[in-house]
Amino acid sequence: MKEISKHYDPSETEPRWLKFWEKEGIYKFDPRAKGEIFSIDTPPPYVSGRMHVGHASSFSQEDFVARYQKMRGKNIFHPFGTDDNGLPTERLVEKTYNVKATKMKRGDFIRLCNKMLSEMTPEFIEDWKDIGMSCDFSKMYSTIDDHSREISQWHFIDLYKKQRVYRQEAPVIWCPHCQTAIAQADLEDKESKTFFSNLVFKLKNGKGLIISTTRPELLSSCVAIFVHPRDLRYKRLVGQKAKVPLFNYWVEIKTDKKVDMKKGSGAVMCCTFGDKTDVEWFKEYKLPLKVSLDAEGKLTKLAKKYANLSIKEARSRIIEDLKTKKLLTAQKEISHTVNIHERCKTEIEILNSKQWFIRYLDKKNELIELGRKIEWHPPFMRSRYENWVKGLSWDWAISRQRFFGVSFPVWYCQKCGEVKLAEEKDLPVDPLADKPKGKCGKCGGSKFSPEKDVMDTWATSSLTPQLALQLFYGEKETKKMIPMSLRPQAHDIISTWLFYTVVRSNFHLGKLPWNRVMISGYVTDPNGRKMSKSLGNVISPKVILEKYGADALRLWAAGRSVGQDLNYSEEEIQAGKKFLTKLWNVTRFVMMNLSLATLEKISKSYFSQSGKKEPNKDAILNKVVRDEADKWILAELQELVDSATKSFENYDYSSAKLAIEKFFWIKLADNYIEIVKNRLYDESPKNKKGRESAQFTLYTVLLTLLRLLAPFIPFATEEIYQTFFKTNKTPKSIHLCDWPEANKKLADKKRVEFGKILLKIVGQIRKHKAERGLSMKTEIKKLEIFCDGNIRKSIEEIEGDLKAVGNIGEIKFKKSGKLRIKISDFKA
């Protein structure tokens, strides 16, 4: 045997096995391979940000499942892609190069985006390789490459033909900072302090009507006043008109049940647009459109002397003028929830503009039912999906007034405005550079204007099943491959990526995109706060990897059940590294006590020619394993295999990891090895069979443990496998070995129960010595064991091991219904 290192060093080991896996194509997907395909719709991370510890945790959890399924004999489709179009990339480019997209030529800005991506993407992808992801990195997609653009544009055309997309001028959610329409799913809630102001609207009779509002800057957009139909205070005023303060035009007083009589004065102004209710009233009562805000969030000419002021400036000036004219009766500071754009954290507005929409509000009930057909892990996450769908009030606005994104394959006839679609064989197209073929189908016109907007990044990301599968399959085969097996993702994008993918798969294919989903939680800091750049509490995985290695990080990531938030703990990661060291030391100790001849004999009996078949456990049990302690640990091992398998089948990787660690530390390292050490060391002829039994048992237990641990710690298990277990007849990687199967012949409940008794006796002996400050090697002259006949018979079969582990001179048995021990005295 070659010289074996005394220490396990992740910094040396991990890069070496990364190169080996890539060179040998260990994780390369072969669509022609036999066996059931287990397909994973891997989340494409944003290239616009470096990997953070939340990514490392979530992707590691996904990888546990992928590796387990591979060892179960599945043909794993585990692709990798990057999400690199849209606002995240644009904002990073603007920040990196200190430019503004709106101040540059579109072509120049797009070239700058592509330049940055080409420079940073290779290093970005290395982060995912470094944590041990078993993706097939040989074929990848980017949501802005020609492959993805073609697929995205084709599916837009498909929706157009199915009348599921439409373009119209309508109120939309608008980000003044990014100067683009956004979708409902792009919003976050934020608690904000502001003033609730009571304004005076004069009536025809000269009396004042008090209107309570938080948006006085929208006075020039006021188109009506609403009161509740049952509010007796205003019953006589319904149908009359009131004068808008400062702007001096009249609006009608109307009724609607959505008015909250207890809020403020109970009378509210309707502006176009202050909130969603304003939009509903605008549509329902066919109110006029008065636009006071522009795309930059500044007041328009309609606001007269307040034109060109920002929202905050206008609010302040208007409040001062209202006070001066005695049209402000009171102000009260309040805290309320406002919607902000999740990208830039800017408060959103509602503007009227022409946009493309995907129509899905008429399908809400159907989308809820589709969600119920998905297998959710954990199950409670389904309620988040359902609550989101139930709360939808806007169709999906998919057009963005930005630059770096997938173009709409659309032109407009200059004569009649009719939409002209690109021909499918020409995709992908850029309407700003390419010309449409043929004349207008409606009027015969031959001059066209290109669509300048680009698609929402989610409009492409919602097609990840197609983007990934069509790297290997044609369109028809891709349809057959959907639904995919699994979608792993974080819970914060249930309302975007998960929901949108369900919508698109249903509209295009009439079926679910995947059979099951696995939802991960957040990583929180030691104070329980979500890690974020704004809080300054983000930890870089690179720092962790340099200090502890990827496997230690992965063990920490496996420490919580699927869906649970995970508290960042360096102590737990440090404990993971200690586990790797102990695993290496235990294996090294055991294998150094196996002679080469014995090792070859065991290895030959263990592996078939293919290197993957389970050993003939019945024959081994009869011929080799003889000692009761060996039979006990093998019985425990079968229970562990059965438990870990059931946990993994239920996507409960954390329970599997916990059971494996517990077995390793308590049953194997702390007890079984100590119990059989004497048999391992004793090379006398009379101990030949006992030593061989212990050797085979340890070999079996360790190799089984390695395979159980392989999904969690791929680097360390590969290193140990290659160093101690690999032969020319075994698989070239532990990650090509089969997952262990529990052997019913070795599973024995009685032996497991006996093991508990054995460990109890050993534990009491150790405790007895420790309480007296004695070394564990101190010899006990006599040990009396009080027990029944059955237990005595079992203990007598391992009396030699028990004497060795406790350094006991003599063991005496006394009949008793209750197990206990008595240590008479010690030898000096």
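Looking across Ile757, Ile821, one residue alone is open to solvent by less than 60 Å² (accessible area, probe 1.4 Å) and part of a helix (DSSP H, G or I). It is Ile757. Can you tell me which residue within the stretch 763-790, out of those that are farther than 28 Å from Lys750 by Cβ and part of a loop (DSSP other than H, G, I, E, B), is nearest to the chain's Cα centre (by Cα)? So, considering only residues that are farther than 28 Å from Lys750 by Cβ and part of a loop (DSSP other than H, G, I, E, B), the one nearest to the chain's Cα centre (by Cα) is Met776. Within the stretch 311-331, the set of residues being under 21 Å from Ile348 (Cα atoms) and open to solvent by less than 40 Å² (accessible area, probe 1.4 Å) comprises Ile311, Ala314, Ile318. Here's a check for you: in the stretch 5-25, which residue that is out of contact with any Phe, Trp or Tyr (no Cβ under 8 Å at 6 or more places or on another chain) and part of a loop (DSSP other than H, G, I, E, B) is surrounded by the fewest Cβ atoms within 10 Å (Cβ to Cβ)? For the stretch 5-25, the residue satisfying everything is Lys6. With respect to the conditions (1) of a type outside the set (Lys, Arg); (2) surrounded by fewer than 19 Cβ atoms within 10 Å (Cβ to Cβ); (3) closer than 28 Å to Asp41 by Cβ, Asp127 lacks only one, and its number is (2). Screening the candidates Asn567, Asn527 for the property of being touching a residue at least 40 places away in the same chain (Cβ under 8 Å) and not aromatic (Phe, Trp, Tyr) yields one hit, Asn567. In summary, helices (runs of 4 or more DSSP H) completely within the stretch 452-501 and bearing 2 or more residues that are over 30 Å from Tyr412 (Cβ atoms), open to solvent by 10 Å² or more (accessible area, probe 1.4 Å) and out of contact with any helix residue (DSSP H, G or I) (no Cβ under 6 Å at 6 or more places or on another chain) occur at 475-481. Taken together, the criteria exclude Val562 from residues that are among the β-branched types (Val, Ile, Thr), touching a helix residue (DSSP H, G or I) at 6+ places or on another chain (Cβ under 6 Å) and modelled with pLDDT under 95.
Being surrounded by 23 or more Cβ atoms within 10 Å (Cβ to Cβ), in contact with a Gly (Cβ under 9 Å, 6 or more places away or on another chain) and touching a residue at least 12 places away in the same chain (Cβ under 8 Å) narrows it down to one of Ser148, Ser152, Ser212, Ser220, so name that one. Break it down stepwise before answering.
Numbers: Ser152 fails: in contact with a Gly (Cβ under 9 Å, 6 or more places away or on another chain); Ser212 fails: surrounded by 23 or more Cβ atoms within 10 Å (Cβ to Cβ); Ser220 fails: in contact with a Gly (Cβ under 9 Å, 6 or more places away or on another chain).
Going through Ser148, Ser152, Ser212, Ser220 in turn, just one is surrounded by 23 or more Cβ atoms within 10 Å (Cβ to Cβ), in contact with a Gly (Cβ under 9 Å, 6 or more places away or on another chain) and touching a residue at least 12 places away in the same chain (Cβ under 8 Å): Ser148.
Count of the stretch 37-72 residues, restricted to those that are at pLDDT below 95 and either outside any helix (DSSP H, G or I) or farther than 29 Å from Ser540 by Cβ (or both), is 11. Inspect all residues belonging to the stretch 709-719 and state whether any of them is hydroxyl-bearing (Ser, Thr, Tyr), surrounded by 21 or more Cβ atoms within 10 Å (Cβ to Cβ) and modelled with pLDDT under 95. For the stretch 709-719, residues hydroxyl-bearing (Ser, Thr, Tyr), surrounded by 21 or more Cβ atoms within 10 Å (Cβ to Cβ) and modelled with pLDDT under 95: absent.
Among the residues of the stretch 667-674, are any in a helix (DSSP H, G or I), within 32 Å of the chain's Cα centre (by Cα) and not polar (S, T, N, Q)?
In the first step, residues of the stretch 667-674 are kept if they are in a helix (DSSP H, G or I); the result is 667-674.
Filter once more, keeping what is within 32 Å of the chain's Cα centre (by Cα): none.
Checked against the condition, which is being in a helix (DSSP H, G or I), within 32 Å of the chain's Cα centre (by Cα) and not polar (S, T, N, Q), the stretch 667-674 yields no hits at all.
So in the stretch 245-292, with the set limited to residues that are in contact (Cβ under 8 Å) with a residue 24 or more places away in the chain and among the hydroxyl-bearing types (Ser, Thr, Tyr), which one is nearest to Arg317 (Cα to Cα)? Step by step, filter the stretch 245-292, then rank; the result is Ser292.
Here's the yes/no breakdown for (1) at pLDDT 95 or above; (2) in contact with a helix residue (DSSP H, G or I) (Cβ under 9 Å, 6 or more places away or on another chain); (3) open to solvent by 40 Å² or more (accessible area, probe 1.4 Å); (4) on the phi > 0 side of the Ramachandran plot:
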| position | (1), (2), (3), (4) |
| --- | --- |
| Asn537 | no, no, no, no |
| Lys542 | no, yes, yes, no |
| Gly549 | yes, yes, no, yes |
| Ala552 | yes, yes, no, no |
| Tyr568 | no, yes, no, no |
| Gln574 | yes, yes, yes, no |
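Yes/no per residue for (1) part of a loop (DSSP other than H, G, I, E, B); (2) modelled with pLDDT of 90 or more:
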| residue | (1), (2) |
| --- | --- |
| Lys129 | no, yes |
| Gly132 | yes, yes |
| Tyr141 | no, yes |
| Ser148 | no, yes |
| Ile157 | no, yes |
| Cys178 | yes, no |
| Ser197 | no, yes |
| Ile210 | no, yes |
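The requirement of being crowded, with 18+ Cβ neighbours inside 10 Å, out of contact with any Pro (no Cβ under 7 Å at 6 or more places or on another chain) and at pLDDT 95 or above is satisfied by Tyr234. Looking across Lys812, Lys744, Lys793, one residue alone is at pLDDT 85 or above, among the charged types (D, E, K, R) and part of a helix (DSSP H, G or I). It is Lys793.
None of Lys373, Lys363, Lys345 is in contact (Cβ under 8 Å) with a residue 60 or more places away in the chain, out of contact with any Asp or Glu (no Cβ under 7 Å at 6 or more places or on another chain) and under 30 Å from Asp294 (Cα atoms) except Lys345.
Would you say Ser335 is small (Gly, Ala, Ser) and surrounded by 13 or more Cβ atoms within 10 Å (Cβ to Cβ)? Considered against the rule, which asks whether it is small (Gly, Ala, Ser) and surrounded by 13 or more Cβ atoms within 10 Å (Cβ to Cβ), Ser335 comes out as no. All of Ile398, Ile368, Ile340 fail the test of being without any contact (Cβ under 8 Å) to a residue 24 or more places away in the chain, of a type in the set (Val, Ile, Thr) and open to solvent by less than 40 Å² (accessible area, probe 1.4 Å), apart from Ile368.
For the stretch 229-252, what are the residues that are closer than 21 Å to Lys286 by Cβ and in a loop (DSSP other than H, G, I, E, B)? Passing the criteria: Pro229, Val238, Gly239, Gln240, Val244, Tyr249. Of all residues assigned to the stretch 76-96, at least one qualifies as being open to solvent by 10 Å² or more (accessible area, probe 1.4 Å), under 30 Å from Ala742 (Cα atoms) and outside any helix (DSSP H, G or I).
The values are calculated or read from the model by the stated rules, or taken from the named source; none is laboratory data. Quick caveat, the model's predicted, so the values are computed rather than measured. Cβ atoms come from the backbone with ideal geometry, glycine included; neighbour counts cover every protein chain shown. Ligands, DNA and RNA are excluded from the accessible area calculation, which covers all protein heavy atoms including side chains. Shrake-Rupley method; radii C 1.70, N 1.55, O 1.52, S 1.80 Å.
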